[in-house]
Amino acid sequence: LRLAGEQSMSSKAYAEAVESARHDEELAKTARLPDVGITASVGFLGDGGISDRDFSAWQHVDNPHFMNNFALKAHQVIYSGGAIDNQIAIAGLNTQMALLDYARNRQEIRFLIASHYLDLCRIENRMEVVENNIGLTEKVLDNTKARHRQGTALKTDITRYELQLETLRLQLTRLRASQAVISHQLANMLHLDCDMIIATNVDTLKRQCLAGEKEGWQVAAAENNANLQMARLAVKINEKKVKLEKSALLPKVSIVAEEHFDGPITTEVPVLDKNINYWFAGIGVSYDLSALYKGNKKIRQSKASLNQSKEQFAEATEHTTDAIQATFTDYETALSEFSTQKKSVELASERYKVTENRYSNGLALLTDMLDASNSKLEAELSLVDADINIIYYYFKLKYISCSL
């Protein structure tokens, strides 16, 4: 599972999204810093003209032609109605959202890897069951051939058992093909050699699969489930957006300071061929009058989004609770099924031994032997499935509670 998180291309993409969100958060924090700008220019100032108000009596004015401008401006917001703080808070929450999205993706990948691994375990255990039954069938077939030579068995008996043997061999071939396909998929996901067959160890997993109490899983899912946390975070983001829209109805207060060095002095007639230096500092107040008739609509829209996110959070909570309930029930059912199938295997094996002994002594028909063999095979395969299902549902509980 650790290797899955490191090698997955999908996880890397989500990790990049987290990094981008962190940069956006740092960028939002720069709004607290002062804005400082410098402008400088030199150029050619053309001659001017003066006329009366009725555009008559024009006079030519000779201006100095070289002009220069320099300005240093600083602007620091000291009150924005909470706009800056809310924008920074939203950026921080978006970073948390990206982290949760990354965590959810990692859990999905790990659960997919675990599912593929359990499929391999299931197939390998089924292969072992089929191989054992092939061995038993070959043993019975040899015994039937010996009885045929002694004249106590029919040729059709041999044919029917040979057909049974070929059916088992075909089943084994199909299992090996499935093993190769799933192993290739798993290796490809882990960026391993795709030609290798991944070995499994289901006994190690079984020792870890003690689910405990259902209430503990419900608490863990309520605290850690990524979908639930993202829905909860969406509510917080929309709450901040409501506050952000409300801040637009408040004035903005800033400290301003400017330094100017210009020439020539064009406010005089004739123009003075001199430089003038001046500066000022003070407090500026700005207010967007359009917020008076646009702001309320934006606030209503953001409140509607907030209500929607609250409904989605309630829905996510319900789905998570239901998922834990259903999966824990499946886990308990798998435990019961395993106990039942284990007893079925014992009974089927005992019946097979008795029937085999009776068949060897000519006290049972071949159909009885085939029926006992098929019952034993079916019971053993069902036991394999029940055994793997316990582990699968345990991992599904960990997946829902984001603890894989």
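The values are calculated or read from the model by the stated rules, or taken from the named source; none is laboratory data. The structure displayed is predicted, hence computed values, not measured ones. Cβ placement follows ideal geometry from the backbone for every residue including glycine, while neighbour counts extend to all protein chains displayed. Ligands, DNA and RNA are excluded from the accessible area calculation, which covers all protein heavy atoms including side chains. Shrake-Rupley method; radii C 1.70, N 1.55, O 1.52, S 1.80 Å.
In angstroms, what radius of gyration and Dmax does the stretch 95-147 have, counting Cα atoms only?
22.8, 77
Got a sec? Which residues in the stretch 349-363 would a label at T152 touch, if it sits 7 Å along Cα→Cβ and we count backbone N under 17 Å?
Those under the cut-off are 354-363.
Select from V42, V130, S80 the residue farthest towards the positive end of the dipole of the stretch 2-149; place +1 on Cβ of Lys and Arg, -1 on Cβ of Asp and Glu, and compute about the Cα centre.
Farthest towards the positive end: V130.
Quick one: compute a quarter of the convex hull surface over the Cα atoms of the stretch 63-195 and quote it in nm².
On the way: hull surface 80.9 nm².
Dividing the Cα hull surface by four gives the mean projection, 20.2 nm².
Normalised by the residues of the chain, what does the relative contact order come to in percent, with Cα pairs under 8 Å and at least six apart?
Working: 517 pairs, mean separation 89.4, N = 404.
Relative contact order comes out at 22 percent.
Strictly greater than 20 Å: what percent of every Cα pair in the stretch 274-341 meets that?
70
State the percentage of accessible surface on the chain attributable to carbon and sulfur atoms; use a 1.4 Å probe and exclude ligands, DNA and RNA. Intermediate results must be reported in sequence, preceding the final value.
Details: 12820 of 23520 Å².
About 55 percent, which is the carbon plus sulfur part of the accessible surface.
Show which lysines lie in cross-link reach of K342 when reach means a straight Cα distance below 17 angstrom and same-chain residues fewer than eight apart are skipped.
Partners found: K206, K353, K376.
Please list, or write none, the lysines whose alpha carbon is within less than 28 Å of the alpha carbon of K252, excluding same-chain residues fewer than 8 places away.
Answer for K252, where 28 Å is the Cα cut-off: K29, K73, K236, K240, K241, K243, K294, K297, K298, K303, listed by chain and number.
For the stretch 148-196, what does the equivalent ellipsoid look like in terms of its semi-axes, each the square root of 5 times an eigenvalue of the Cα gyration tensor, given largest first in whole Å?
Value: 43, 8, 4 Å, ordered largest first.
Computed over the Cα atoms of the stretch 221-308, what is the convex hull's projected area averaged over all directions, in nm²?
Values: hull surface 42.3 nm².
Average of the hull's projected areas for the stretch 221-308 equals 10.6 nm².
Viscosity 1.002 mPa s, temperature 20 °C: give me the Stokes-Einstein translational D for the chain in µm²/s, with Rh taken as the Kirkwood radius over C-alpha pairs. Can you show the working numbers first?
Details: Rh = 29.5 Å.
In µm²/s, the coefficient is 73.
Helix-only mean residue ellipticity at 222 nm, the chain, DSSP H runs n ≥ 4 weighted -39,500 (n - 2.57), per residue, nearest 500. What is it? Walk me through the numbers before you get to the answer.
Details: 9 runs with 273 residues, N = 404.
Mean residue ellipticity at 222 nm (helix-derived): -24500 deg cm²/dmol.
May I ask you to evaluate 6.51 cos²θ - 1.76 cosθ + 1.60, the Karplus curve with θ = phi - 60°, for each residue of the stretch 314-326 and list the ³J(HN,Hα) values in order in whole Hz, giving x for glycine and proline?
Calculated HN-Hα couplings, in order: 4, 5, 5, 4, 5, 4, 5, 4, 5, 5, 5, 4, 5 Hz.
Using 7 Å Cα-to-Cβ label points, what is the T333/K214 separation (nm, one decimal)?
Computed distance between label sites T333 and K214 equals 1.3 nm.
Packing-wise, with mean Cβ within 10 Å as the measure, how do 161-173, 320-332, 106-118 rank, highest first?
Per-residue mean Cβ counts within 10 Å order the peptides as 106-118, 320-332, 161-173.
Of L228, L72, L192, which has the largest mean-square fluctuation in a 10 Å C-alpha GNM of the chain?
Of L228, L72, L192, the Gaussian network model singles out L72 as fluctuating most.
How long are the three semi-axes of the equivalent ellipsoid of the stretch 208-259, in whole Å, if each is the root of 5 times an eigenvalue of the C-alpha gyration tensor, listed from largest down? Write down the numbers at each step before the final one.
Values: eigenvalues 449, 35, 10 Å².
Values for the stretch 208-259, descending: 47, 13, 7 Å.
Please give the helix 366-400 orientation as an angle from the longest Cα principal axis of the chain, in degrees from 0 to 90, rounded to the nearest 10.
20
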